[in-house]
Amino acid sequence: MQARDPRVRRVAEGLAARSAFDADALVPWVVAGQAVGWLSRERAALLARWPQWFEVGASRVDLADSLASEPDRTAALDEVIRRLAEDGHVRGWRDERFPVDTGWGTPALALMERAAARFFGIRTYAAHMNGLIDGSEPMFWLARRADTKPIDPGMWDNLVAGGIGYGFDARGALEKECWEEAGIGAELSARLVARGTLDVLREVPEGLQNETLFAFDLTLPAGFIPANQDGEVAGHLRASPDAALDIMADCAMTVDATLVTLDALARLEPQRFAPDNNT
């Protein structure tokens, strides 16, 4: 049986088309005996340039055991990633560190420039917020990503979303992004409501997106108008559920934001997702 709203099926098909993952085409990246990422065979071959730090085999790539501490691993990776960036294999340098770890809350085995996270296929973390508008009917604020963004330029996104850098928790990272991306101050962002997590694992042009999304809702006053502060947002849209579904069905919204928005719609308007007994 299909959902009553046919756009829900189109959204699901669009997500599936953008979520390819072929484990046979990838090799695990192992640090201190623990699998922490995935590499395409082409990217693994590039790392063979540094045999003092990488053991590149047919079925896995190991970071050398001689790099026995987090600072040593971080320093070696920094040198490698800078060379990869100079050669055009890593793009969109951010000067922001992501942890290389085995799961949320586990110790960082190394720190890595954010731009290289997808090259190495490490687990990353992001916080996304549904900007709900207070009123009798569900309404969303959506944001359109600036055309200068290195990933998904010009696509629709949640009102506030961002990667969680080293040293931040999900709520703290999102509160920071609230001001930068939408001009939402501390008094409003203190009302964030956590809605759980969603996982994304898919091949992307930069490598692999292997990410846990922390989803939040924030109900904003009816008269609130978002105001971007950091130049990373091209514009905003006050969207009904129908308008949001149209955007998602056309694959004009990022995969991450589509998942988080669908999660909110399933809570706010579950009848759209109920099976149509006539199909």
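The values are calculated or read from the model by the stated rules, or taken from the named source; none is laboratory data. Because the structure is a prediction, the values reported are computed rather than measured. Cβ placement follows ideal geometry from the backbone for every residue including glycine, while neighbour counts extend to all protein chains displayed. Note: accessible area is taken over every heavy atom of the protein model, side chains too, but ligands, DNA and RNA are not part of it. Shrake-Rupley method; radii C 1.70, N 1.55, O 1.52, S 1.80 Å.
For the reader, a short list of remarks on this structure follows.
- Within segment 153-179, considering residues that are more than 23 Å from TRP104 (Cβ to Cβ) and in contact (Cβ under 8 Å) with a residue 12 or more places away in the chain, the one least open to solvent (accessible area, probe 1.4 Å): LEU159
- With respect to being exposed (fewer than 15 other Cβ atoms within 10 Å of the Cβ) and outside any loop (DSSP other than H, G, I, E, B), ALA45 fits the description.
- For segment 48-61, the set of residues classified as more than 19 Å from ALA117 (Cβ to Cβ) and either surrounded by 16 or more Cβ atoms within 10 Å (Cβ to Cβ) or touching a Cys at 6+ places or on another chain (Cβ under 8 Å) (or both) consists of VAL56 only.
- Residues of segment 201-210 that turn out to be open to solvent by 40 Å² or more (accessible area, probe 1.4 Å), farther than 25 Å from LEU265 by Cβ and touching a residue at least 40 places away in the same chain (Cβ under 8 Å), as a count: 2
- Scanning segment 134-147 for residues that are closer than 15 Å to LEU268 by Cα and open to solvent by less than 10 Å² (accessible area, probe 1.4 Å) turns up just one, PHE140.
- Residues of segment 122-154 that turn out to be within 16 Å of LEU213 (Cβ to Cβ), out of contact with any helix residue (DSSP H, G or I) (no Cβ under 8 Å at 6 or more places or on another chain) and not charged (D, E, K, R), as a count: 2
- When GLN34 is tested against (1) surrounded by fewer than 16 Cβ atoms within 10 Å (Cβ to Cβ); (2) at pLDDT below 95; (3) under 25 Å from the mean Cα position of the chain (by Cα), just one condition goes unmet, and that condition is (2).
- Per this entry, ALA108 is not counted among residues that are in a strand (DSSP E or B) and of a type in the set (Gly, Ala, Ser).
- Checked against the criterion of being in contact (Cβ under 8 Å) with a residue 60 or more places away in the chain, surrounded by 20 or more Cβ atoms within 10 Å (Cβ to Cβ) and in contact with a strand residue (DSSP E or B) (Cβ under 6 Å, 6 or more places away or on another chain), the candidates LEU213, LEU198 yield just one match: LEU213.
- VAL30, sole failed condition from (1) touching an Asp or Glu at 6+ places or on another chain (Cβ under 9 Å); (2) within 30 Å of LEU259 (Cα to Cα); (3) in a helix (DSSP H, G or I): (3)
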